[in-house]
Amino acid sequence: MMEVKDIVDVNVVRTQMKAKTKREAITELAELLQKNGYLSNVDGYVKDVYAREAEGQTGIGNYVAIPHGKSEFVNRVGVAIGINETEIPWESLDDHGAKVIILFAVGNDTESAKEHLKLLSLFARKLGNDEVVGNLLAAKTSAEVVAAFA
């Protein structure tokens, strides 16, 4: 049984981010994904994330957003997590902005699509827990972010 903590790569977690906009946050996390070998092209991937954003809100409430890009520029499935210091304007279910951004990077083939749904449900279960979200919002280090999901 796959667990969130098995998927979270401490190298693609960034805390104390200072992004002011959704684009800044997504781009910063995409650059981190590329640096660690998950993406082949940041601009192409960010464009795909934005195409998905246009289809419906990815803010799930409680200051959490889960943007995702199915993209040909993804080398391997990964999840980047950003904790921003201030609330970023983001369309969400409860009119709050986002401070916890969980960015999914998945290929656009069938296998990746299945993987993506598994990841989404795993994370959604964890993020439905207020204690987990509280720990994420308070996290100051990548290790604390990973521990929040344990």
> Given the conditions (1) outside any helix (DSSP H, G or I); (2) among the polar types (S, T, N, Q); (3) modelled with pLDDT of 95 or more, and given that residue 135 satisfies all but one, which numbered condition is not satisfied?
Replying inline: (1)
>> I'd like the residue in segment 42-65 that is assigned to a loop (DSSP other than H, G, I, E, B) and out of contact with any Pro (no Cβ under 8 Å at 6 or more places or on another chain) and, out of all such residues, is least open to solvent (accessible area, probe 1.4 Å).
In response: 56
>> Going through 33, 29 one at a time, which residue ends up being in contact with a helix residue (DSSP H, G or I) (Cβ under 7 Å, 6 or more places away or on another chain) and open to solvent by less than 50 Å² (accessible area, probe 1.4 Å)?
In response: 33
> Where residues in segment 66-89 are assigned to a strand (DSSP E or B) and of a type in the set (S, T, N, Q), which of them is most open to solvent (accessible area, probe 1.4 Å)?
Replying inline: 86
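The values are calculated or read from the model by the stated rules, or taken from the named source; none is laboratory data. Keep in mind the model is a prediction, meaning the values are calculated, not measured. With ideal geometry, Cβ positions are generated from the backbone for all residues, glycine too; neighbour counts draw on all protein chains shown. Side chains included, ligands, DNA and RNA excluded: accessible areas come from the protein's heavy atoms. Shrake-Rupley method; radii C 1.70, N 1.55, O 1.52, S 1.80 Å.
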